[in-house]
1. Calculate how many DSSP beta bridges within the chain are antiparallel, expressed in % of all such bridges and rounded to the nearest 5.
2. How large is the charge dipole for the range 89-170, taken about the Cα centre, if only the Cβ atoms of Lys, Arg (+1) and Asp, Glu (-1) carry charge, to the nearest 20 debye?
3. Please compare each pair in Lys28/Lys76; Lys137/Lys164; Lys26/Lys95; Lys76/Lys97 to a cut-off of 28 Å on the Cα-Cα distance and tell me which ones are over it.
4. With point charges of +1 on the Cβ of Lys and Arg and -1 on the Cβ of Asp and Glu, referenced to the Cα centre of the chain, which listed residue (Gly146, Asn191, Ala77) lies farthest in the positive direction of the dipole?
5. Between Leu234 and Asp171, what length in nm is gained on full extension when 0.36 nm per residue of separation is reduced by their alpha carbon distance?
6. Loop only per DSSP, at most 16 neighbouring Cβ atoms within 10 Å: give me the GluC sites (Glu not before Pro) in the range 1-101, ordered by residue number.
7. Suppose every Lys and Arg Cβ carries +1 and every Asp and Glu Cβ carries -1, with no other charges. What dipole size does the range 68-134 come out with about its Cα centre, to the nearest 20 debye?
8. Which FRET efficiency value, to the nearest 0.05, do you get for Tyr49 and Asp193 by plugging their Cβ-Cβ distance into 1/(1 + (r/R0)^6) with R0 = 25 Å?
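Where a number appears in this text, it was derived from the coordinates with a stated rule and is not lab data. If you're wondering where the values come from, they're calculated on a predicted model, not measured in any experiment. Cβ atoms come from the backbone with ideal geometry, glycine included; neighbour counts cover every protein chain shown.
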Amino acid sequence: MSFNPQSILLTGASGQLGRAICRSGKFKNILTPTRIELDLTQANSIRKYFETHDFDVLLHAAALARVVRCQQEPSKAIEVNLMGTCNLVLNVLEKEKRTKRSIRFIYISTDGVYASTRGHYSEEDATIPYSVYGWTKLGAECAVHGLTNFSIIRTRFFDSQNIKYNRYASDSYTSSLPIEELVNSIDRLLNSDFVGTINIGAERKSDYERFKVHKLSIQPCTIEALLKEAVLPLSRDASLDCRLWERVMKSRKQ
Ligand SMILES: NC(=O)c1ccc[n+]([C@@H]2O[C@H](COP(=O)([O-])OP(=O)(O)OC[C@H]3O[C@@H](n4cnc5c(N)ncnc54)[C@H](OP(=O)(O)O)[C@@H]3O)[C@@H](O)[C@H]2O)c1
């Protein structure tokens with residue numbers, strides 16, 4: 001087994017973000033285990049994979065990321081998002097001890113750790129998730145703090161080629177990023193030495209304003225109309241204060 005100092009282990013490679021990371025071509029020497037090769041919910045599966053593969057960076061993008069499913073199946077959400085991340089962190093700690101090498105851990109979290117009512121959330125603001133999904137992602141953030149070399153990215157993203165619904169609220173706001181921009185940001189973060197929690201997002205816009213340019217048939221509606229039909233709470237203003245990210249990027253250039 002040869003050690004490649006540039007190698008990255010990506011979890012969730014078959015997911016929306018994982019596929020965008022792989023097709024970007026930005027990340028060389030990337031390990032992309034399937035769920036059969038590395039199952040977050042099976043500590044033994046992670047241990048075996050870690051014993052036979054070396055990597056400097058662990059980019060953790062696997063999750064039960066469908067918010068409705070998390071609300072309907074909280075035990076599954078806890079198992080994958082919370083306990084799965086704990087299993088990964090425990091195995092990273094064990095591998096660091098065994099190999100005496102530091103592993104950089106990048107965790108893709110969510111803007112849903114904030115209450116998402118008033119917007120403009122900074123990393124210093126209180127975290128009060130409004131859904132089971134958000135709570136499990138926040139719980140996972142806590143486990144990641146057991147590591148020394150980590151970055152937690154709080155974000156939201158979309159695929160402009162796949163805008164799901166036919167109507168979006170013109171009075172519900174986010175900092176949602178095109179997926180390609182998030183991939184670029186992850187690459188830039190990896191080229192910085194930032195440790196800690198960071199918001200990464202685009203400028204604050206309503207969902208309708210953001211998506212109508214990508215799908216012309218979209219109709220505007222109100223958040224109240226969506227809430228009447230929703231099976232889980234929805235964010236009203238989940239926009240992010242990304243000034244820390246701007247500062248980190250500026251200092252990286254100097
Ligand atoms: N979508 C958003 O707007 C958004 C916003 C903020 C944060 N995030 C976070 O961004 C990350 C990527 O989201 P996404 O939209 O790309 O998710 P996705 O398309 O639903 O993909 C989820 C990935 O996780 C893998 N996975 C699920 N359970 C697993 C397990 N037990 N063991 C190993 N792998 C497992 C899936 O593998 P299979 O293909 O085998 O199922 C898949 O590769 C997630 O952490 C999500 O919470 C997403």
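1. 5
2. About 340 debye.
3. Lys28/Lys76; Lys76/Lys97
4. Asn191
5. Between Leu234 and Asp171, full extension yields an extra 21.5 nm.
6. Glu37
7. The dipole magnitude comes to about 480 debye.
8. 0.40
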